[in-house]
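Rule-based calculations on the coordinates, nothing more; no lab input. As the structure is a computational prediction, the values presented were derived from the model and not from experiment. Note that we place each Cβ from the backbone using ideal geometry, even for glycine, and neighbour counts take in every protein chain shown.
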Amino acid sequence: MQNKEMNFSITDDNQLGRIDKSLSTLIPDESRSQIKKWIDEDHVLVNGHPVKAKYHLEINDKIKVIPIEPKKIDLEPENIPLDIVYEDDDVIVVNKPQGMVVHPSAGHPDHTLVNALLYHSPLSTINGEFRPGIVHRIDKDTSGLLMVAKNDQAHRFLAAQLKNKTNEREYVAIVHGQITESKGTIDAPIGRSIVNRQKQAIIADGRHAVTHFQVLKRYQHYTLVSCRLETGRTHQIRVHMQYIHHPLAGDPLYGPRKTLPGNGQYLHARLLGFIHPTTKKQMTFEAPLPEYFQKMLDQLDQTDL
């Protein structure tokens with residue numbers, strides 16, 4: 001976040017609506033989740049008073065965004081091996097193994113990708129105390145490519161591409177059932193489930209989410225698909241594929257109890273593309289399927305074709 005206090009006056013009908021949505025337009029370099037955090041922590045005032053994220057702005061409202069003092073990062077760097085696909089002064093592209101948590105949280109205080117990255121290199125500081133360098137994340141049991149920012153300027157540039165949907169992210173997944181279409185698009189809003197707070201769900205007032213899928217290979221009981229993300233919601237591919245009745249194989253949260261053996265969902269971030277923060281050149285990286293994933297496909301070739 002910027003160090004200076006930010007002030008805005010609502011003078012145009014186009015600025016009306018929920019304050020969290022309006023601020024994402026007024027402060028385009030910041031993510032909606034970060035803006036919501038400021039609102040939740042009372043660092044956003046309207047006419048001198050804290051408000052909720054759903055507050056609807058009115059003409060002549062005055063918004064004040066109060067800077068949050070950056071916290072010192074007390075994470076412990078750990079000498080954990082990294083599979084680095086690319087690195088320069090601005091970015092690191094890393095191939096995360098299945099089973100590794102991206103950043104520390106209450107249930108995973110250490111041994112995360114962030115701990116390993118801090119041992120390896122300085123990282124950007126603008127994404128919170130426990131997520132230095134992390135521009136986007138993938139789930140613990142999802143493997144594959146992540147872009148990591150080594151400085152704040154690079155972080156803002158990469159984050160803007162995610163927000164503007166100009167970067168490339170392609171995943172490979174094994175899903176239950178045989179998909180008859182060769183390709184398709186799932187456009188369904190995602191938000192936290194009201195039934196199980198650990199899960200995401202398709203809900204009417206959720207955040208816009210779009211996944212494009214293409215069939216790569218059909219088995220008797222499973223389908224190998226590639227999925228391209230247009231948006232990047234939590235558990236997006238897992239929720240969207242369950243929504244069309246083809247949940248990910250091995251998924252302990254969204255899949256059936258009877259599924260393929262393993263250590264979680266068969267989902268791999270295979271391709272990552274973005275414009276470099278300094279050179280402004282398009283860069284594209286690919287990571288081959290990990291051994292456990294390829295072995296399962298070989299097994300399906302033998303038993304389920």
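Once divided by 2.2 N^0.38 Å, the Cα radius of gyration of the range 164-283 becomes 1.11. For the range 118-224, relative contact order (Cα pairs under 8 Å, six or more residues apart, normalised by length) works out to 21 percent.
Under 16 Å of direct C-alpha separation, and excluding same-chain neighbours fewer than eight residues apart, residue 295 reaches these aspartates and glutamates: 304. The alpha-carbon of residue 4 sits under 19 angstrom from the alpha-carbons of these aspartates and glutamates, leaving out residues fewer than 8 places away in its chain: 29, 30, 41, 42, 69, 152. Sorting 250-258, 153-161 by their mean Cβ neighbour count within 10 Å, with the most densely packed peptide first, gives 153-161, 250-258. For the range 169-269, the relative contact order is 32 percent, taking Cα pairs closer than 8 Å that sit 6 or more residues apart in sequence and dividing their mean separation by the residue count. One compactness figure for the range 1-151 is 1.23, namely its Cα radius of gyration divided by 2.2 N^0.38 Å. Ignoring aspartates and glutamates fewer than eight residues from residue 96 along the same chain, the ones with Cα atoms less than 12 angstrom from its Cα are 83, 139, 141. Charging the Cβ of each Asp and Glu at -1 and of each Lys and Arg at +1, and nothing else, the dipole of the chain about its Cα centre rounds to 740 debye.
Expressed as cubic angstrom per residue, what is the convex hull volume of the alpha carbon set of the chain? Working shown, then result.
Details: hull volume 44.7 nm³, N = 305.
Considering the Cα atoms of the chain, their hull volume per residue is 146 Å³.
The trypsin sites (Lys or Arg not before Pro) of the range 1-61 that meet both conditions, a loop assignment by DSSP and at most 14 other Cβ atoms within 10 Å of the site Cβ, are 4, 52, 54. Extension gain, residue 80-residue 12: 0.36 nm per intervening residue step, less the Cα-Cα distance, totals 19.3 nm. Could you tell me which of rounded, prolate or oblate describes the range 6-65, using a ≥ b ≥ c as the square roots of the eigenvalues of the alpha-carbon gyration tensor, with rounded for a/c under 1.5 and, failing that, prolate when a/b is larger than b/c and oblate otherwise? It comes out oblate by the Cα gyration axes. The value of relative contact order for the chain, using C-alpha pairs under 8 Å at least six residues apart, is 14 percent.
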